[in-house]
Structure formats: C-alpha cells, structure tokens
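This report refers to the structure that appears directly beneath it.
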Amino acid sequence: MNVDWSAFTPGAGTAGGLLIGAGAVLLMLGAGRIAGISGILGGLLTPERGGSWRLAFLLGLCAAPWMFRAFSELPAITVDASTPRLIVAGLLVGLGTRYGSGCTSGHGVCGLSRGSRRSIAATAIFMAAGFATVYVLRHVVGA
Amino acid sequence: MAALYAFAAGLVFGLGLLVSGLADPARVLGFLDLAGLWNPTLAFVMGGAVLATSVGYAFLRRRTHSLSGEPLRWPQATRIDGRLAGGSLAFGVGWGVAGFCPGPALVAAAAGIGEAAVFVAAMIAGMLIYSVIERARRRASDAATPRA
C-alpha cells in the first residue's frame, strides 16, 4: 500500500474531527436532536416534519466557510468530477441517504458513538461501497 | 432557543468539516482510493469525531431534556433490513463517484464552489424523488387497507 504522506494531516484531521463531534454534542445538548445532515435536510423537504431548528442548523453549517474566511484563507476544495457525474452522484446520495436513514454524520458519527448496531451496519455498507466504487472507477475502468 | 443552539451547532460542525479536510472531495477520494496513493487522514477525522461525540453523548444520557427544554430525541430504530442496506449501498456508490457526502457538499456549495452546488441540487432532487415515491406508496397501502 502506498501512502500519500504529502497530503497526510493527522493533526488537522483529529482537530477537525473533535470539532465535528462538539457540534453533534451541542445539537443534542441544546436542541435534543441527532446531527444527521441528510435527515435534517430531508426533514426540511417534508413539510409536516419541518422545524426551525433544522433550518437554523443548516444555516450555521453554511455560515462556516464565511466565518472561516474572516480569520484565514479557506482550505482548498478541489472537484474533478464532470457535471453529469456530479448529478449522478447527487441523485444516488439523495435517494440513498433517505432510504438508508442517514449518511456519514447520522450513521457514521452519531450512530457509531451511540453504539447502534443499525448504524454500524449502515456505515460498514456505505464505506465498503465507497472503497469499491473508487477502486472500479480509478483502477478498472479508469474514469 | 432551540434554533439558536442549532445554529451554533451547525457552525461548529461546519468549521470541523473545513479544518479536517473533509470538505475537499479530492481528499475524500484520496482516502477511498486504497489501491492508489492512499491518504489515511479521514480515519483520524472519524476517530476524533466519534471520540468527542461518544464522550459527550455519555454525559447527555443522564439528561432527559435539552437546554432549550425540548426532550432529548435518541433514535429508536434498531431494524437492519433491505431498505437500510440498499440505501446505504446507493449512498456509498454516490459518495465514491464524486467524493461528496451531504454535510461537506453543503459547506462547499456555501463557500461558492459551483460543482458542489450542482451536486447539492441533484441531491435535493434525489430526496424529493424519495418523498414522492414514499407518499405514493403510503397512499396506495392506505387505499388497500379495508376500513372497519
């Protein structure tokens, strides 16, 4: 296995991870809710389940890059995918996270932290699917 | 009050996504590419996030209500079924195709990255398709159930 040491930033990764966790804990402490981004966004699209806390959380999330910019330069965000590819990926992520009741945050962070077997199963499946997809796209079909 | 806490929580969460590098699809794909030039950073992001959340949640288990007075809503679902597996599989494939999952995509779109905005629009479309399908299915099953 070849490790990309030049891009390996365990310190920033851990610090950012702790912040993500702090955000998740703050949402439960302050509003009594699980920090699952797909569930929060999906609930907002289902009028009967709406709630001002959902909108407020998403606004806070979207304010983050602006807040970050006030103090330092925003880290690089590099997207190589073409528009059709972004659309296919977005549709799969939208449908998949609703049917699977969660994404990297709801199942991956909050679910694993609760020791939920359901979230452990979901996380194992989407991680495996992510590894397999990148393997096939980059090393089998070369796209 | 709940909305105020939720805003602060979203802000901290989003800053974490930026600091960790998770908002950058190139880094996410670098982690998912085990056979290429692998970047293990994301494992540290997940480790840090799960560590902070599990410690925080352990303390919150003693509370019944949030600071804003809302009850703490812990998920009750425990069933591992085809819906969960199929949905997670589709999500994982989509994640691998572009390197975006929902949180980082929203943050990147808010930062003004056009490609992220395209992804978010398609993701919302996918969620709306789910809502339409599920509503139609519920109506069909309501109609099929004889009323007493």
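Where does the charge balance sit around B:G99 when Lys and Arg score +1, Asp and Glu -1, over other residues with C-beta under 13 Å from its C-beta?
Values: positive: A:R85, A:R138, B:R27; negative: A:D80, B:D24, B:D33, B:E115.
Computed value for this residue: -1.
If each DSSP helix of 4+ residues adds -39,500 (n - 2.57) and the sum is divided by the residues in chain B, what number results at 222 nm, nearest 500 deg cm²/dmol?
Values: 6 runs with 104 residues, N = 148.
That calculation yields -23500 deg cm²/dmol at 222 nm.
At 222 nm, what helix-only mean residue ellipticity would chain A give, in deg cm²/dmol to the nearest 500, using -39500 (n - 2.57) for each DSSP H run of four or more?
Working: 5 runs with 87 residues, N = 143.
That comes out to -20500 deg cm²/dmol.
Roughly how big is the protein assembly as shown's charge dipole about its Cα centre, with Cβ charges of +1 (Lys, Arg) and -1 (Asp, Glu), in debye to the nearest 20? Show your work: numbers first, answer last.
Working: 22 positive and 11 negative charges, 239 e Å.
Charge dipole, the protein assembly as shown, about its Cα centre: 1140 debye, nearest 20.
Local charge sum around A:G100 (other residues, Cβ-Cβ under 11 Å, Lys/Arg +1, Asp/Glu -1)? Intermediate results must be reported in sequence, preceding the final value.
Values: positive: A:R98, A:R118, B:R83; negative: B:D81.
Cβ neighbours under 11 Å give a net charge of +2.
Checking the a/c ratio against 1.5 first, then a/b against b/c, what shape does the Cα gyration tensor give for segment A:5-140?
Details: a/c = 1.37, a/b = 1.13, b/c = 1.21.
Cα axes put segment A:5-140 in the rounded bin.
Return the whole-Å distance between the Cα centroid of segment A:1-72 and the Cα centroid of segment B:112-137.
Cα centroid of segment A:1-72 versus Cα centroid of segment B:112-137: 19 Å apart.
For chain A, modelled as a GNM with alpha-carbon contacts under 10 angstrom, which of A:A128, A:A22, A:A70 fluctuates the most?
A:A70
In nm, to one decimal, how far is the B:A43 label point from the A:F8 one, both placed 7 Å along Cα→Cβ?
The answer from the label model is 0.9 nm.
Suppose every Lys and Arg Cβ carries +1 and every Asp and Glu Cβ carries -1, with no other charges. What dipole size does segment B:1-114 come out with about its Cα centre, to the nearest 20 debye? The partial results should precede the final answer.
Working: 7 positive and 4 negative charges, 89 e Å.
The dipole of segment B:1-114 has a size of about 420 debye.
Can you pull the three principal axis extents for the Cα set of the protein assembly as shown, in Å, largest first?
Largest first, the protein assembly as shown extends 66, 42, 34 Å along its Cα principal axes.
Assuming R0 = 51 Å, can you tell me the calculated FRET efficiency for the pair B:W74 and A:A76, based on Cβ-Cβ distance, to the nearest 0.05?
Details: r = 37 Å, r/R0 = 0.73.
E(calc), rounded to 0.05, equals 0.85.
Could you work out Rg/(2.2 N^0.38 Å) for segment B:2-144, with Rg from alpha carbons only?
Numbers: Rg = 18.3 Å, N = 143, 2.2 N^0.38 = 14.5 Å.
Segment B:2-144 yields a ratio of 1.26.
Taking neighbour Cβ counts within 10 Å as the exposure measure, how do A:M28, B:M123 sort from fewest upward? Could the numbers behind the result be given before it?
Details: A:M28 23, B:M123 33.
In increasing order of surrounding Cβ atoms, one gets A:M28, B:M123.
What are the residues whose amide H is under 5 Å from the amide H of B:W38, where those residues sit 5 or more places off or on another chain and H is modelled from the backbone?
Amide H to amide H, under 5 Å and 5 or more residues apart or across chains, B:W38 pairs with A:N2, A:V3, A:D4.
Which of B:H65, A:H107 comes first, and how do the rest follow, when ranked by fewest Cβ neighbours within 10 Å? Don't skip to the end; give the middle numbers.
On the way: B:H65 10, A:H107 31.
Ranked by crowding around the Cβ, least crowded first: B:H65, A:H107.
By counting other Cβ atoms within 10 Å of each Cβ, how are A:F68, B:F59, A:F8 ranked from fewest to most?
Details: A:F68 21, B:F59 10, A:F8 15.
Going from least to most buried by this count: B:F59, A:F8, A:F68.
Just so you know, all these numbers are worked out from the coordinates, no wet-lab data involved. Not measured: the values here are computed from a predicted model. Counting neighbours? That spans all protein chains shown, and the Cβs are built from the backbone with ideal geometry, glycine included.
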